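Engineer: This is the structure I want to talk about, given as structure tokens.
The values are calculated or read from the model by the stated rules, or taken from the named source; none is laboratory data. None of the values given here were measured: they were computed from a predicted structure. Here Cβ is always computed from backbone atoms with ideal geometry, including for glycine, and neighbour counts include all displayed protein chains. The accessibility values were calculated without ligands, DNA or RNA, using every heavy atom of the protein model including side chains. Shrake-Rupley method; radii C 1.70, N 1.55, O 1.52, S 1.80 Å.
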Amino acid sequence: MNSTSSRSRMRKGRLFLLSLRVAFGWVPLWVSGVLALSLAALVVALPWHGLFAGLDGHRWLASELVGTLSDTFRFDQRQALAQLDRHTANAAGVLVLLAWLLGVFMAGGWLQVILERSHGQVMRRFCMGGARHFLRFLRLALLILLVLGGLRWLLYGGPFDHFVLQGVFGLPDSDLLGPQRMESLHSEATRDRILWVRDGLMAGLFLLVMAWGVYTRARLAIAGSRSVLLAGGLAAMALLRHPVRTLSPLLALLLLEMVVLMGVLGPLARWANGSLEAAPSRGALVSLFLLGLAGLAWREVQRGARYHAAVVVSKATIRSLHHSDPWQSIGAPGGPQYPVNEDDEDRFGVSV
């Protein structure tokens with residue numbers, strides 16, 4: 001019994017590593033996500049490339065065409081730059097919406113591939129899953145935006161001013177508006193602490209809502225439910241009943257994501273950008289391009305790892321489903337039943 005429980009704890013502790021390995025193994029899935037986002041960025045970059053490509057005969061110095069651009073260049077090209085700024089702003093708004101919808105589609109694709117656990121035609125099953133779950137996941141995405149908007153109103157709107165600033169710190173109404181906000185507090189450090197606590201609380205709630213969204217999508221895909229509210233309520237209950245079991249793999253993946261992006265790729269990108277401004281070269285430009293692709297790839301792998309971890313934990317925490325899970329076991333009724341075990345152990349039983 002002790003050895004069994006120790007193995008179980010070990011599996012829970014290494015779940016995020018297992019999820020990363022599984023996500024890395026489905027190369028076509030995260031490569032397709034990188035390509036889609038890169039094409040979206042190309043739509044914004046091509047007009048800028050066209051502007052600079054047409055300046056070959058003007059004999060501008062290379063140092064004037066990188067970094068922040070020189071004041072002389074900005075003055076001479078002010079009309080073209082203003083037009084490009086307007087085009088970039090309009091295109092970026094549309095592309096952000098498309099990237100958000102792409103994320104909804106890819107969530108369904110990842111979950112379909114993870115739950116089927118079969119080989120071959122990965123991209124076909126990925127696209128089928130994205131289309132199959134798209135409308136339900138889109139409703140969930142809108143619900144998440146609504147919840148985040150409500151939290152922002154609570155912490156940055158009237159409720160925070162009324163219950164915290166007025167009720168706890170006793171600030172008058174006139175001290176809650178304008179540039180001199182909260183000037184009646186005893187010190188500027190007290191004001192800064194209040195703002196830091198509020199921002200930290202908002203960040204924590206944001207991550208919690210994102211985790212709830214991941215587990216709600218996993219539950220929708222596992223149970224085949226059509227009710228987003230019902231699946232969201234059950235996922236919230238699972239988070240409350242098993243906070244360590246549900247949140248620890250997602251937190252480990254988040255910390256690892258931050259370490260790679262901010263501790264490895266970020267410094268390398270700053271170094272390449274600094275060398276590009278100091279001595280413009282094709283090698284520094286290619287390095288920045290490759291680092292950007294590496295960052296996108298890492299984010300897509302993390303997306304797949306989060307959904308894999310959520311599926312594993314959800315299957316362990318869901319006690320009863322309205323619909324049977326077709327991925328739970330393999331075998332005809334009345335014959336041998338071979339469970340699908342995420343730890344790849346060989347076990348079987350006989351259904352009666």
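Engineer: Would you point out which residue out of ALA309, ALA272, ALA297 is touching a Ser or Thr at 6+ places or on another chain (Cβ under 8 Å) and touching a residue at least 40 places away in the same chain (Cβ under 8 Å)?
Structural biologist: On the way: ALA272 fails: touching a residue at least 40 places away in the same chain (Cβ under 8 Å); ALA297 fails: touching a Ser or Thr at 6+ places or on another chain (Cβ under 8 Å).
Selected residue: ALA309, the only one of ALA309, ALA272, ALA297 that is touching a Ser or Thr at 6+ places or on another chain (Cβ under 8 Å) and touching a residue at least 40 places away in the same chain (Cβ under 8 Å).
Engineer: Among the residues of region 208-219, is any hydrophobic (A, V, I, L, M, F, W, C), open to solvent by 40 Å² or more (accessible area, probe 1.4 Å) and at pLDDT below 95?
Structural biologist: Checked against the condition, which is being hydrophobic (A, V, I, L, M, F, W, C), open to solvent by 40 Å² or more (accessible area, probe 1.4 Å) and at pLDDT below 95, region 208-219 yields no hits at all.
Engineer: With (1) at pLDDT below 90; (2) among the charged types (D, E, K, R); (3) closer than 19 Å to VAL311 by Cβ as the list, and ARG132 as the residue in question, which single condition is left unmet?
Structural biologist: (1)
Engineer: Here's a follow-up. Looking only at helices (runs of 4 or more DSSP H) that lie completely in region 9-114, which have at least 3 residues being at pLDDT below 90 and surrounded by fewer than 17 Cβ atoms within 10 Å (Cβ to Cβ)?
Structural biologist: Because the criterion is at least 3 residues that are at pLDDT below 90 and surrounded by fewer than 17 Cβ atoms within 10 Å (Cβ to Cβ), the helices (runs of 4 or more DSSP H) in region 9-114 that meet it are 27-53, 71-76.
Engineer: For region 244-269, enumerate the residues that are more than 18 Å from VAL301 (Cβ to Cβ) and surrounded by fewer than 12 Cβ atoms within 10 Å (Cβ to Cβ).
Structural biologist: Hits for region 244-269 are VAL244, PRO267.
Engineer: Could you grab the pairs with beta carbons closer than 7 Å, sequence gap of 6+ or different chains, first residue in region 206-224 and under 12 Å from LEU254 (Cβ atoms), second one buried (at least 20 other Cβ atoms within 10 Å of the Cβ)?
Structural biologist: Short answer, once both residue conditions are applied: ALA211/LEU250; VAL214/LEU250; VAL214/ARG306; VAL214/TYR307; VAL214/ALA310.
Engineer: For region 115-127, which residues satisfy the criterion of being free of Cβ contacts under 8 Å to residues at least 40 places away in the same chain and either surrounded by fewer than 16 Cβ atoms within 10 Å (Cβ to Cβ) or within 14 Å of LEU102 (Cα to Cα) (or both)? Can you show your working first?
Structural biologist: First, the residues of region 115-127 that are free of Cβ contacts under 8 Å to residues at least 40 places away in the same chain: 118-121, 124-125, 127.
SER118, HIS119, GLY120, GLN121, ARG124, CYS127, listed by residue number.
Engineer: Taking region 287-333 as the region of interest, how many residues are open to solvent by less than 70 Å² (accessible area, probe 1.4 Å) and modelled with pLDDT of 75 or more? First the steps, then the outcome.
Structural biologist: Here is the first cut: in region 287-333, the residues open to solvent by less than 70 Å² (accessible area, probe 1.4 Å) are 287-288, 291-298, 300-318, 321, 325, 327, 329, 331-332.
Subsequent filtering for residues that are modelled with pLDDT of 75 or more retains 287-288, 291-298, 300-318.
Counting residues in region 287-333 that are open to solvent by less than 70 Å² (accessible area, probe 1.4 Å) and modelled with pLDDT of 75 or more gives 29.
Engineer: Here are some residues: LEU145, LEU155. Which one is open to solvent by 40 Å² or more (accessible area, probe 1.4 Å) and closer than 14 Å to PHE206 by Cβ? Write out each step before concluding.
Structural biologist: Details: LEU155 fails: open to solvent by 40 Å² or more (accessible area, probe 1.4 Å).
The conditions single out LEU145.
Engineer: Being touching a residue at least 60 places away in the same chain (Cβ under 8 Å) and either over 28 Å from ARG132 (Cβ atoms) or not β-branched (Val, Ile, Thr) (or both) is the filter here, so list the residues in region 236-258 that pass it.
Structural biologist: Of the residues in region 236-258, the ones touching a residue at least 60 places away in the same chain (Cβ under 8 Å) are 238, 241-242, 245-246, 248-250, 252-253, 256.
Correct list: ALA238, ARG241, HIS242, ARG245, SER248, PRO249, LEU250, ALA252, LEU253, LEU256.
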